[in-house]
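Report on the structure given below.
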Amino acid sequence: MARKKIALIGAGNIGGTLAHLAAQKELGDIVLFDVVEGVPQGKALDLSQCGPVEGFDAKITGSNDYKDIAGADVIIVTAGVARKPGMSRDDLLGINLKVMKAVGEGIAANAPNAFVICITNPLDAMVWALREFSGLPHNMVVGMAGVLDSARFSHFIADEFDVSVRDVNTFVLGGHGDTMVPVVRYSTVNGIPVPDLVKMGLSTQEKIDAIVKRTRGGGGEIVALLGTGSAFYAPAASGIAMAEAYLSNQKRILPCAAYVDGQYGVDGLYVGVPVLIGAGGVEKVIEIELDEADKAGLQVSVDAVKELLDACKALDPSL
Ligand code: TXD
């Protein structure tokens, strides 16, 4: 049986980490693509040499030619420019929109049957643009943000209650930006909602509010600490979880930037919602009940995404 093929567009910090994780998990053979010559080839060779030490079988190659992504089952896109300190995700818009055009066309011409996971920022606009440029079905193009944002939320909650991260399940809706909506009511420690744990005296509302705020600024906190570049370990791990859900038909419910057409009162936008991912790609958008505050929060997020899309359309009239 032929191995699955994973194409990684962008061989930077996240791309390299994705390749390493995909190889360790033996998800398939891996092609690292980048516009910079030498980098994907060099990383591919370096990572291939992990194989004998770590004991994985995966063919890892580097390329500057879109033809090499032909037949990919999964494509994860990190191509573009990362945030620098003081730069907002939205500042990246102009540069990364052009990158999405090139990537979308490359995918359409060479791997139109792939499940495509976009990671490039500003995420909710870039995943929409990538879908438009590639022309792939909406259920086969999805953005990674919610898995990462809820991982950050979960980490902070586990820390606060001093419990294993494995027992923590948190929930983040909305856009990947300062307007994201961490939903405390649907966040639990082994099934016990966080508000109940607060009532039990195990934390305070002020501390939970601070965690929500820190989650919203989770990316910026790391950007400021690193000095150059942005987070890449957890973003890569999150992208891989989504790829595995598709490749192994896991039917996982994950918060992703997915195409929403009707649900949550949203029409024709990519926005962060819980979705079911299986062999059919995004098989379903799960519409959960929201209280008024969360609804209002989601609306702010949706409006921010709409503004970004308008900005994209102004920059590229073909959209
Ligand atoms: O939650 C999320 N979605 C995110 C998103 C979390 C963290 C970082 N997020 C964004 O991912 C970040 O703002 C960036 O837009 C992407 C990629 O982050 P990474 O840290 O991997 O950036 P790098 O190291 O700068 O890598 C980007 C690579 C680099 O090697 C460039 O040469 C390449 O992209 N690049 C291209 N590849 C292919 N085609 C084109 N046109 C191209 N342009 C640049």
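The values are calculated or read from the model by the stated rules, or taken from the named source; none is laboratory data. Being a predicted model, the structure only gives us computed values, none of them experimental. Glycine also receives a Cβ, built like all others from the backbone with ideal geometry; neighbour counts cover every protein chain displayed.
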(request) Look at region 270-293 and say how many of its residues are surrounded by 13 or more Cβ atoms within 10 Å (Cβ to Cβ) and farther than 26 Å from LYS251 by Cα. (result) 0
(request) Determine whether region 56-67 contains at least one residue that is closer than 23 Å to ALA234 by Cβ and in contact with a Ser or Thr (Cβ under 7 Å, 6 or more places away or on another chain). (result) yes
(message) Restricting to region 133-174, name every residue that is within 20 Å of GLU283 (Cα to Cα), under 19 Å from the mean Cα position of the chain (by Cα) and outside any helix (DSSP H, G or I).
(response) LEU136, PRO137, VAL141, VAL142, GLY143, MET144, ALA145, PHE171, VAL172, LEU173, GLY174
(message) Looking at region 2-48 only, could you name the residues that are free of Cβ contacts under 8 Å to residues at least 60 places away in the same chain and of a type in the set (D, E, K, R)?
(response) ARG3, GLU26, ASP29, ASP34, GLU37, LYS43, ASP46
(message) I'd like the full set of residues that are aliphatic (A, V, I, L, M), within 26 Å of ALA258 (Cβ to Cβ) and assigned to a loop (DSSP other than H, G, I, E, B), limited to region 175-200.
(response) MET180, VAL183
(request) Give region 137-166 a look and list any residue that's under 24 Å from ALA314 (Cβ atoms) and surrounded by 19 or more Cβ atoms within 10 Å (Cβ to Cβ), or say none. (result) VAL141, GLY143, ALA145
(message) Can you find, within region 139-185, the residue that is modelled with the lowest pLDDT among those that are of a type in the set (Asp, Glu) and touching a helix residue (DSSP H, G or I) at 6+ places or on another chain (Cβ under 9 Å)?
(response) ASP178
